[in-house]
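K.L.:
Sharing a structure here in C-alpha cells format.
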Amino acid sequence: MNLPPRADCDADINAISIDEALVRIESRLPKLDRHESIDCTKAQGRILAVGVHSPISVPPFRASAMDGYALRVAEAGNELTLIGHSFAGHPGPDSIAVGTCQRITTGARVPDEANAVVQQENVDLTGNTVVVNKAPTVGLNIRLPGSDSQEGTPLINAGTRLGAAQLALLAAHGIHNVLVHEHINIAVFSTGDELVSAPDLLSNGQIYDANRPLLIALLDSPAVRITDLGICGDTESDIEELLKKAAKADLIVSSGGVSVGDADHVRTVLERFGRVDLWKIAMKPGRPLTFGFSRPEQAYFGLPGNPVSAALTALLFVKPAIRTLLGMPAVRWPQLQVPVVSKLSKLPGRVEYQRAVLDQNESGIWQVSTTGLQDSHVLSSLNTANCLIELPIESSGAKVGDIVQVIPFAHFGEGSL
Ligand code: AMP
Ligand code: MG
C-alpha cells in the first residue's frame, strides 16, 4: 500500500534502498563464462577472464638504477681502476677484478661481484682512475631480480579491466596473448509514440529521442557490443517485436514505458516472456526501475523515460550489472567531501542526486554548486555539470558552507565500466 505523500517527507514505504536493489540485481544475474584468447595489442578495455601469473621474474637480472660505476662497497674508499663497461642490452664482464670498477648505465646488468652502483655525480674520474666521494651502502642503486614481480606469483587478477597499466605489465612479462571475457551483447531501444530521431522533423506533440544516444554512450566500452534497436511504439506488439530482434542480446536496456500509465506496456510484455520486478527505489531522480529477464539468461532493464532519470539509473544499476556479467568485482564510486556554495532543497525520504559543478574559488579552495533546475527532464543540467552531489536519505537539504558528498563525472567516462 502506498502511503499518502507528506509535505515534510518524500519516503515511500514500498521503496527499497539503492543497496538493496544492487544486491538483488547482482544475485539474480548469471555469470557469463564465455572466454576467448586474444592478442594483447587488441586487448585494451577487455576484461581478463583468468588470472595471470608471472611467467618470469621482473627485472630478470640485477639491474642498475643509475648511470655510474659498479663496485665492491668494501673497496669504495680506495682509488679504483675503471675496467670495462655494462650498457643496457650490452652486459659487460660478469666479474670485476679486485681494485677495479665497471662503468654502468641505467638498466644494465650489474656484474655479480659488484654490490653497489655509485652514481656518476658522486665520483671523480681522472683518466681511468675512479675516486668515490660519497660512501655507498650495500645494494645501493641495484634493482634486485623479481623486485617488480616474482616468477610464479599472481600478476593480474581475473575480472580486471585491461588498461594502460595492465597492458604494460603483460608486455613487460613477455605475455602477448590473454584470455578475456567475450563481448557482452547489449541491445538498446527507446519506447514512446512521441519519439523521433533527426533528420526527421518534429510533428505536433513529438520530441527527439535523447535516451538512446545517452545510453549507448554511457554503456559502451571495448568489453561490450551495443546494438541500437531504434525507437519502439507504445504497443505491446511493438515491444514484443523488438524483444524478438534482441534474441541474441545478453542484456536489453530500454527507456520509457515502465510506469503504470496507459502507455506503459514494458512490464506486461516482459511478464509474458519471462520474469519481472518493478521496484520503487528510494532515490531521486529515477524511482521506478524495472529489472527482470526477457528469457533465461537475458537480463532486462527498463529505465525511466526522463533522460536524467535514465542516465542516473544506467550509472547506478546497469553499469554495475555489466560488471557482474563480465565477472568484475563490484565497486562504489569514490566520493569527495566538498563545501557547497548554493543552498540545496530536499525532503528526507530518498537519496537525491543533484547535477553540480565542482571547481575552485579564487583562493584555490574546491567547492561545489548545483546547475540549478533539477527536474528529471532537464538534460542541459547534465551538459553543464561535471559531478553529482549525493544527498543521503535522511538529509533535508544543505545550506551554504555545508560539506556534501560529491561524485566526479570522471568515474562515468566512456569505456570506464
Ligand atoms: P515515460 O517513462 O515513458 O512515461 O516517459 C517519461 C518522460 O520522459 C516523458 O516526458 C517522455 O516524453 C520522456 N521520454 C521518454 N523517453 C524519452 C527519450 N528516449 N528521450 C527523451 N525523452 C523521453
Ligand atoms: Mg513513454
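K.L.:
Test L242 against the stated conditions and say whether it is over 30 Å from K346 (Cβ atoms), open to solvent by less than 30 Å² (accessible area, probe 1.4 Å) and either within 16 Å of ligand 1 (Cβ to nearest atom) or aliphatic (A, V, I, L, M) (or both). Full working, then the answer.
P.N.:
Working: over 30 Å from K346 (Cβ atoms): yes; open to solvent by less than 30 Å² (accessible area, probe 1.4 Å): yes; either within 16 Å of ligand 1 (Cβ to nearest atom) or aliphatic (A, V, I, L, M) (or both): yes.
Yes, satisfied.
K.L.:
In segment 335-351, which residue that is crowded, with 19+ Cβ neighbours inside 10 Å and under 13 Å from T371 (Cα atoms) is modelled with the highest pLDDT?
P.N.:
V340
K.L.:
Can you tell me which residue among G107, G127 is open to solvent by 50 Å² or more (accessible area, probe 1.4 Å) and on the phi > 0 side of the Ramachandran plot?
P.N.:
Selected residue: G127, the only one of G107, G127 that is open to solvent by 50 Å² or more (accessible area, probe 1.4 Å) and on the phi > 0 side of the Ramachandran plot.
K.L.:
Go through segment 256-303 and give me each residue that's open to solvent by less than 10 Å² (accessible area, probe 1.4 Å), under 23 Å from A246 (Cα atoms) and within 16 Å of ligand 1 (Cβ to nearest atom).
P.N.:
Selection gives G256, V258, V266, V269, L270, L289, T290, F291, Y300, F301, G302, L303.
K.L.:
For segment 123-132, state whether one or more residues are within 16 Å of ligand 2 (Cβ to nearest atom), of a type outside the set (F, W, Y) and assigned to a loop (DSSP other than H, G, I, E, B).
P.N.:
No, every residue in segment 123-132 fails to be within 16 Å of ligand 2 (Cβ to nearest atom), of a type outside the set (F, W, Y) and assigned to a loop (DSSP other than H, G, I, E, B).
K.L.:
Residue check, L169 against (1) in contact with an Asp or Glu (Cβ under 6 Å, 6 or more places away or on another chain); (2) without any contact (Cβ under 8 Å) to a residue 40 or more places away in the chain, all met but one. Which one?
P.N.:
Going through (1) in contact with an Asp or Glu (Cβ under 6 Å, 6 or more places away or on another chain); (2) without any contact (Cβ under 8 Å) to a residue 40 or more places away in the chain one by one, L169 breaks only (1).
K.L.:
What residue, among those in segment 85-104 that are open to solvent by less than 40 Å² (accessible area, probe 1.4 Å) and not hydroxyl-bearing (S, T, Y), is nearest to the chain's Cα centre (by Cα)?
P.N.:
Looking at residues that are open to solvent by less than 40 Å² (accessible area, probe 1.4 Å) and not hydroxyl-bearing (S, T, Y), I get I104.
Matching residues to (1) of a type in the set (A, V, I, L, M); (2) open to solvent by less than 30 Å² (accessible area, probe 1.4 Å); (3) over 30 Å from T160 (Cβ atoms); (4) out of contact with any strand residue (DSSP E or B) (no Cβ under 7 Å at 6 or more places or on another chain):
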position	(1), (2), (3), (4)
L48	yes, yes, no, no
H53	no, no, no, no
Y69	no, yes, yes, no
T81	no, no, yes, no
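K.L.:
Looking at V258, V357, V308, which one is assigned by TED's automatic domain parsing to the domain that holds K399 and aliphatic (A, V, I, L, M)?
P.N.:
Values: V258 fails: assigned by TED's automatic domain parsing to the domain that holds K399; V308 fails: assigned by TED's automatic domain parsing to the domain that holds K399.
Answer to the check: V357.
K.L.:
Mind listing whichever residues of segment 228-239 are outside any helix (DSSP H, G or I) and buried (at least 16 other Cβ atoms within 10 Å of the Cβ)?
P.N.:
L229, I231, C232, G233, D234
K.L.:
Among the residues of segment 11-20, are any in a strand (DSSP E or B) and modelled with pLDDT of 95 or more?
P.N.:
For segment 11-20, residues in a strand (DSSP E or B) and modelled with pLDDT of 95 or more: absent.
K.L.:
A further question on this structure: For segment 27-59, what are the residues that are assigned to a helix (DSSP H, G or I) and modelled with pLDDT under 95?
P.N.:
S27, R28
K.L.:
Taking the residues in segment 353-365 that are touching a Pro at 6+ places or on another chain (Cβ under 8 Å) and surrounded by 13 or more Cβ atoms within 10 Å (Cβ to Cβ) as candidates, determine which candidate is nearest to I281 (Cα to Cα).
P.N.:
Initial filter on segment 353-365 (touching a Pro at 6+ places or on another chain (Cβ under 8 Å)): 353, 358, 365.
Within this subset, residues satisfying the condition of being surrounded by 13 or more Cβ atoms within 10 Å (Cβ to Cβ) are 353, 358.
Details: Y353: 13, L358: 27 Å.
The qualifying residue nearest to I281 (Cα to Cα) is Y353.
The values are calculated or read from the model by the stated rules, or taken from the named source; none is laboratory data. Since we're looking at a predicted model, the values are computed, not measured. For neighbour counting, all protein chains shown are included, and Cβ atoms are generated from backbone atoms with ideal geometry for every residue, glycine included. Please note that ligands, DNA and RNA were not included when accessible areas were found on the heavy atoms of the full protein model with its side chains. Shrake-Rupley method; radii C 1.70, N 1.55, O 1.52, S 1.80 Å.
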